[in-house]
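The values are calculated or read from the model by the stated rules, or taken from the named source; none is laboratory data. Just so you know, these numbers come straight off a predicted model, no measurement behind them. Heads up, the Cβs are rebuilt from the backbone with ideal geometry, glycines too, and the neighbour counts pull from every protein chain shown.
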Amino acid sequence: MDRLAQIWPLFGLRLRCGPVELRLPRDDDLAALADLAAAGIHPPDQMPFYAAWTRKQPPGFQRSFVRHHWGSRSRFAAQEWSLDLAVRRDGVPVGVQSVEARAFAVRRVADTGSWLGSAHQGRGTGTLMRVAVLALVFDHLRARAATSGAFLDNPASLAVSRKLGYRDNGVIVHDREGAPAHEQLLVLSAEDWRAVPRPAVEVEGVEDCRGLLGAA
């Protein structure tokens, strides 16, 4: 383990599911991910995110991107955290898988979100990266539930959730770029997670991270 990971053990966390690996990005990783996101995540006439962060133009886009990740690091605390993991497939950066929680030590609930570069979509990577992070929270951090959500006009994301056993948990309306957009909320219980067949996940370095994640 390198010195930085000794000081901040989250840098030593590794999740592997088939050809996909997730880990906390370092600054060089952030630069590559920022350029990947700037190259495109969705068609121009769509917006899968609550905040339209993908509308910004370079170089402001990349600067905002790395600021967001630096901010998540600086605000990280056991009481409220967001873990934004770089996703690589066969060693190539393809996107980000996030998981966040508030009062996890008491609530044992985590929420997930993600994005993939347009060139890397349609290969099953979204499912593998979600399986990896769910294995972390359920099998290693003892979560009782995981939540997620997607706009009704984002069927690919909804399909991943339903394939993994999530249940519908209500619909809410957002102001999306000045127009109403309906979000399908979803919840996955620990029992439903264990009932669905899934690929194997290898988790490395989690023992040193439990205290930071409120799961000691």
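For the range 200-216, how many residues are surrounded by fewer than 14 Cβ atoms within 10 Å (Cβ to Cβ) and either modelled with pLDDT of 95 or more or basic (K, R) (or both)?
Taking the range 200-216 and keeping what is surrounded by fewer than 14 Cβ atoms within 10 Å (Cβ to Cβ), we get 200, 202, 204, 207, 211, 216.
Still in the running and either modelled with pLDDT of 95 or more or basic (K, R) (or both): 200, 202, 204, 207, 211.
Number of matching residues: 5.
Consider Y50 against the criteria (1) among the hydroxyl-bearing types (S, T, Y); (2) part of a loop (DSSP other than H, G, I, E, B); (3) without any contact (Cβ under 8 Å) to a residue 12 or more places away in the chain: it satisfies all of them except one. Which criterion is unmet?
Single failed check for Y50: (3).
Of everything in the range 172-189, what is surrounded by 10 or more Cβ atoms within 10 Å (Cβ to Cβ) and farther than 15 Å from T112 by Cα? Give them in sequence order. Before the answer, list the steps.
Of all residues in the range 172-189, those surrounded by 10 or more Cβ atoms within 10 Å (Cβ to Cβ) come to 172, 174, 176-177, 181-189.
Listed by number, the residues that qualify are I172, H174, R176, E177, A181, H182.
Conditions first: (1) under 22 Å from L30 (Cα atoms); (2) assigned to a loop (DSSP other than H, G, I, E, B). R123 passes all but one, so which condition is the exception?
(1) is the only condition that R123 fails.
Name the single residue that is surrounded by the most Cβ atoms within 10 Å (Cβ to Cβ) among those in the range 51-70 being farther than 12 Å from A37 by Cα and in contact with a strand residue (DSSP E or B) (Cβ under 9 Å, 6 or more places away or on another chain).
Selected residue: H69.
Go through A51, A101 for me and flag whichever is modelled with pLDDT of 95 or more and either small (G, A, S) or under 18 Å from the mean Cα position of the chain (by Cα) (or both). Reasoning before the result, please.
Working: A51 fails: modelled with pLDDT of 95 or more.
Among A51, A101, only A101 is modelled with pLDDT of 95 or more and either small (G, A, S) or under 18 Å from the mean Cα position of the chain (by Cα) (or both).
Among what's in the range 156-203 and is within 17 Å of the chain's Cα centre (by Cα) and assigned to a loop (DSSP other than H, G, I, E, B), pick the residue that is farthest from D139 (Cα to Cα).
Only one residue fits best here, namely Y166.
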